[in-house]
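Report on one structure; see the data block that follows.
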Amino acid sequence: MISIYSISAVLLAYLFGSIPTAVWLGQAFYGVDVREYGSGNAGATNTFRVLGKRAGIAVMTIDIAKGYTATKLAYFIGLSVTGPQHSAQFVNYELALGVTAVMGHLFPIFAGFRGGKGVATLFGMILAVNFPAAMLCVLVFITVLLITKYVSLGSICAGFTFPLSIVFIFQSSIKSEVLYGMCVCVLILVTHQKNLERLLKGKESKVYLFKKKTN
């Protein structure tokens, strides 16, 4: 059912996703547009590389909040439209709003439609839809990052963990959630194509969380 509330929620979800955290934070506090440096992406990973840990953590936190908040706008639509919480119909609305927020991050209206890769916003969405699966993704991401120092590789591994976990561990019966998990894998691969090329060539930049790289 299409209502003024559902239309408003979709618009708000896109606007939430369009907040160019990396761009605004970089320009406001560092006088730098992160899109002009590093990988050229307006996301948390490139912010870590260009501006350091404090800025990267701030951007990542806000971008996750964007995806989470946008997804939870399903409550704003009203249960009379979406159906009971955790029902297939409600989850479908959550997924639709979350995807809209991710698209906003990829193509932000507030930053000339030049955004990031949407991983943090995507995680916020997963966090809102399936918290246990999201926590498992976090565990995989942190483990891979600590071992390899590659944020991109951690993101890719975490992205593949989500569909596998909801199918084989949490055994979700909601088909749209499973389909969405498969789409996450495709999106991660598409947005990280250049990262994969650099990883294969051994040219991907590393991120050191606890100490600076020493020669």
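Largest GNM mean-square fluctuation across LEU187, LEU199, LEU145, computed for the chain with C-alpha springs under 10 Å, falls on LEU199. Say R0 is 22 Å: what FRET efficiency, to the nearest 0.05, do ILE109 and VAL190 get from their beta-carbon distance? That gives a FRET efficiency of 0.55. Placing a label point 7 Å from the Cα of LEU200 along the Cα-to-Cβ direction, the residues of the stretch 140-166 whose backbone N falls under 18 Å from that point are 152-154, 156-157. Fully extending the segment from LEU11 to ARG54, taken as 0.36 nm per residue of separation minus the present Cα-Cα distance, adds 12.4 nm. Each 5 Å bin, from zero up to the one with the longest distance, holds this percent of the alpha carbon pairs of the stretch 1-156: 2, 11, 18, 20, 18, 14, 9, 5, 3, 0.
Applying a threshold of 21 Å to the alpha-carbon distances of LYS117/LYS194; LYS72/LYS194; LYS117/LYS203; LYS53/LYS206; LYS53/LYS149 flags LYS72/LYS194 as lying beyond it. For the residues ALA70, ALA111, ALA101, a GNM of the chain with alpha-carbon springs under 10 Å puts the largest fluctuation on ALA111. Dividing the mean sequence gap of close Cα pairs (under 8 Å, 6+ apart) by how many residues the chain holds gives a relative contact order of 20 percent.
What FRET efficiency comes out for the pair VAL81/GLN171, r = Cβ-Cβ distance, R0 = 35 Å, nearest 0.05? The value I calculate is 0.80.
Rule-based calculations on the coordinates, nothing more; no lab input. Keep in mind the model is a prediction, meaning the values are calculated, not measured. A quick note on method: Cβ atoms are made from the backbone with ideal geometry, for glycine too, and the neighbour counts reach across all protein chains shown.
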